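> Sharing a structure with you now.
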Amino acid sequence: MSHLVEELRERKTLDDQGLKALLESDDQSLEEDLFRNAREVAVAQFGREIWLRALIEWSNVCRNDCYYCGIRRSNQTLPRYSLTPNEILSSCDQAWKLGLRTFVLQGGENPAAAEALAPTVAEMRASWPEAAITLSLGELPFETYALLRRSGANRYLLRHETASPAHYSRLHPASMQLEHRLACLQELQRLGYRTGMGMMVGSPFQTTGDLIADIRLIEQVQPGMIGLGPFIPHPDTPLGSYPAGSATLTLRLYAILRLMLPQAWIPSTTALSTLHPDGRKAGILAGANVVMPNFTPASHRGDYALYAGKSAPAVEAEENLKLLIQEIESIGYHV
Ligand code: SAM
């Protein structure tokens, strides 16, 4: 085994030089070694079980103008939608009946609408007391985080996007500050949410040093969940002409973070499977242990267009789930 991978697995950390080598090396056997070790650690932790989360893309209405994101406020080409409470509850019902036990409500940042979501979250909690309810609604007033927590939500995903303030300012307008995003994460943890953070891999202007800063921040915060996927350009955004991030680099980051945080839930993301037809399987084989099938009603699925070519399953949720399970089983895992 490579001494770098061995050290990372044993000590659950590595110096910057070692991380740089793991991220940049073109030695194929080092990469295979990294993936194999991450896989072994994931299997030791979770068995060969992959956990499913029902992703419900609640709304594409967003007050922000992130330079990379297709649902940014200034994108006039996108029809905007928000699911009604009934649509949300019926997506949950469908997912529950198919055996899923975690609902993930994700959407654009819209504080007033997020606050108005509280009764729906309370209804979800009352209808499915054993379910986990994850929210991913961006930066909200702290009292809204508290209200949603009291209403029954117990997990929150808020990617930090990049841990470098200089890089952050090249991806977001001046009204958005990394410092505030990190304060939100801290507050979410204080309120007792299981929190997730993460970044886009290969976003424009990102350096290996930025990625090492991301790894260090994750190492320091020790989140319960880590969401990371490749950047994929969207033509109707200011960064639409930049190249997509690399699938391989994304996989290396899954593996490095698996070795650092063996217990973290790491989804093999939609962005990765959009970039690479075998991306989802490759993610699992590099240490990811979560897959998030899409339960957004078919009538709106195409409008949650974060990036070009986002893989929105053409088939119904039930059929899509069957295909996903087959895919997972084809590499010797189960749900
Ligand atoms: N509004 C919430 C927030 O700010 O966390 C959640 C929705 S946001 C659209 C979800 C995630 O999509 C972001 O955290 C970002 O990492 C990812 N995303 C947006 N545009 C992307 C792109 N062009 N390529 C890859 N991922 C993208």
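The values are calculated or read from the model by the stated rules, or taken from the named source; none is laboratory data. Note that the structure is predicted; figures quoted are calculated from it, not measured. All Cβ positions, even for glycine, are placed from backbone atoms using ideal geometry, and neighbour counts span all protein chains on display.
> What's the total number of residues in region 239-260 that are within 11 Å of the ligand (Cβ to nearest atom) and in a loop (DSSP other than H, G, I, E, B)?
So the answer is 5.
> Here's a follow-up. Taking region 288-335 as the region of interest, how many residues are assigned to a helix (DSSP H, G or I) and of a type in the set (Ser, Thr, Tyr)?
2
> Please find, within region 317-332, the residue that is modelled with the lowest pLDDT out of those that are surrounded by 14 or more Cβ atoms within 10 Å (Cβ to Cβ) and more than 21 Å from TRP96 (Cβ to Cβ).
Checking each candidate, the answer is GLU327.
> What pairs come out if I take residues in region 220-239 that are free of Cβ contacts under 8 Å to residues at least 12 places away in the same chain and pair them with residues that are within 10 Å of the ligand (Cβ to nearest atom) whose C-beta lies under 7 Å away, six or more apart or interchain?
Listed by first residue and then by second, the contacts come to nothing, as the list is empty.
> Could I ask something else about it? I want to confirm something. Restricting to region 133-178 and keeping residues that are surrounded by fewer than 16 Cβ atoms within 10 Å (Cβ to Cβ) and not in a helix (DSSP H, G or I), which single residue is farthest from the ligand (Cβ to nearest atom)?
ALA174
> For region 218-235, state whether one or more residues are farther than 20 Å from LEU135 by Cα, more than 15 Å from the ligand (Cβ to nearest atom) and either of a type in the set (S, T, N, Q) or part of a loop (DSSP other than H, G, I, E, B) (or both).
There is at least one residue in region 218-235 that is farther than 20 Å from LEU135 by Cα, more than 15 Å from the ligand (Cβ to nearest atom) and either of a type in the set (S, T, N, Q) or part of a loop (DSSP other than H, G, I, E, B) (or both).
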